[in-house]
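Asks: Sharing a structure below in structure tokens format, with a few things to ask.
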Amino acid sequence: MSLKLSDFEAVIFDMDGVLIDSEPLWKIAMEAVFSELGSTLQKSDFQKTVGLRIDEVIHFWNLNQGWNIEDEELIQEEIIAKMEELISQNAEPLPGVIETLTYLKSKDFKIGLATSSSARLIRIVLKELEIGHFFDFTHSAELEAYGKPHPAVYLSVAQKLKVNPIKCLVIEDSFNGVVSGLAAKMKVVCIPEKTHFPNPKLALADFHFETMSDLLAELK
């Protein structure tokens, strides 16, 4: 299947690992906060929860590790605050991101953002990368009943953009994200986040590229 931009009316981006190399930052933040609970989890363990909302990640590990945390929201607040600090210190767009957004905007495509990260982190990423003006609508799965791999966050963005889901192209990096986009009946590009272990399940995506720059070359 060839990728033709003319088949679409909107492009919807994931954020973490697609626009910004934040996956390593998430692992640093989680390891730091979880270690205060006596956790022995390491960064490699967090591969299991890539693409999930942070509340779902905390709940998963709370049960998995038997921490018996009663106030998971407090842990969530600590991790998000740590992420805000780390993003402010390390904000840099991934290669090809600015050029791709600029190209899509020049072609009058509607551009959306659908992420598992909180609205607070959307704001700081867009501000630090100076890319907020490219997006017609941004949306966090924290506002949905279910996060990725459920399609809700992508369907909500398509509805706000007033574009039929089958006319939306999704750009993702994780398995949960790919499943979310496909479940929304959208076509999905996978650009694997480089710190992920190679996951053969990513073959589910409709299109595959090593970098955003490679994707842009194909779109042109």
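Values in this text are rule-based calculations from the coordinates and carry no lab data. As the structure is a computational prediction, the values presented were derived from the model and not from experiment. Here the Cβ positions follow ideal geometry from the backbone for every residue, glycine too, while neighbour counts run over all protein chains shown.
Asks: Once fully extended, how much extra length lies between ASP206 and GLN47, figured as 0.36 nm per residue of separation less the alpha-carbon to alpha-carbon distance? Intermediate values should be presented prior to the final figure.
Replies: Details: separation 159, 0.36 × 159 = 57.24 nm, distance 2.24 nm.
Going from the current span to full extension adds 55.0 nm.
Asks: When a footprinting reagent is the concern and you count Cβ atoms within 10 Å, what order do GLU172, GLU128, GLU70 take, fewest first? Mind showing how you got there, number by number?
Replies: Details: GLU172 30, GLU128 17, GLU70 8.
Ordered from fewest to most neighbouring Cβ atoms within 10 Å, GLU172, GLU128, GLU70 come out as GLU70, GLU128, GLU172.
Asks: How much of the DSSP beta bridge set in segment 1-149 is antiparallel, as a percent to the nearest 5? Please report the intermediate quantities before stating the final value.
Replies: Values: 1 of 10 bridges.
Beta bridges within segment 1-149, antiparallel portion: roughly 10 percent.
Asks: Using a cut-off of 13 Å between beta-carbons, work out the net charge of the residues near GLU128 (Lys and Arg +1, Asp and Glu -1, GLU128 not included). Can you show the working numbers first?
Replies: Numbers: positive: ARG120, ARG123, LYS127; negative: ASP21, GLU84, GLU85, GLU92, GLU130.
Combined, the nearby Lys, Arg, Asp and Glu give -2.
Asks: Separate question: What ranking do 47-59, 173-185 get when scored by the average of other Cβ atoms within 10 Å per residue, highest first?
Replies: On the way: 47-59: 20.3, 173-185: 23.5.
Taking the mean over residues of other Cβ atoms within 10 Å, the ranking is 173-185, 47-59.
Asks: Would you kindly state how much longer the chain becomes between ALA32 and GLN89 on full extension, computed as 0.36 nm times their sequence separation minus their alpha carbon distance, in nm to one decimal?
Replies: On the way: separation 57, 0.36 × 57 = 20.52 nm, distance 1.63 nm.
Result: 18.9 nm gained on full extension.
Asks: Which entry in (1) 55, 47, 32; (2) 52, 31, 31; (3) 48, 46, 32 is this structure's computed Cα extents along the principal axes in Å?
Replies: Computed from these coordinates, Cα extents along the principal axes in Å corresponds to label (2).
Asks: Just want the ordering: SER6, SER116, from fewest to most Cβ atoms lying within 10 Å of their own Cβ.
Replies: SER6, SER116
Asks: Give the separation of the Cα centroids, segment 154-168 to segment 1-80, in Å.
Replies: If we compute the Cα centre of each part, the gap is 25 Å.
Asks: Is the shape of segment 23-90 best called rounded, prolate or oblate, per the rule: a/c under 1.5 gives rounded, else a/b larger than b/c gives prolate, else oblate, with a ≥ b ≥ c the square roots of the Cα gyration tensor eigenvalues? Working shown, then result.
Replies: On the way: a/c = 1.62, a/b = 1.37, b/c = 1.18.
Prolate is the answer for segment 23-90, as a/c is 1.5 or above and a/b outweighs b/c.
Asks: Another question, if that's okay. Neighbouring Cβ atoms within 10 Å as the yardstick, rank THR40, THR138 fewest first.
Replies: Values: THR40 8, THR138 21.
If I rank by nearby Cβ atoms, fewest first, I get THR40, THR138.
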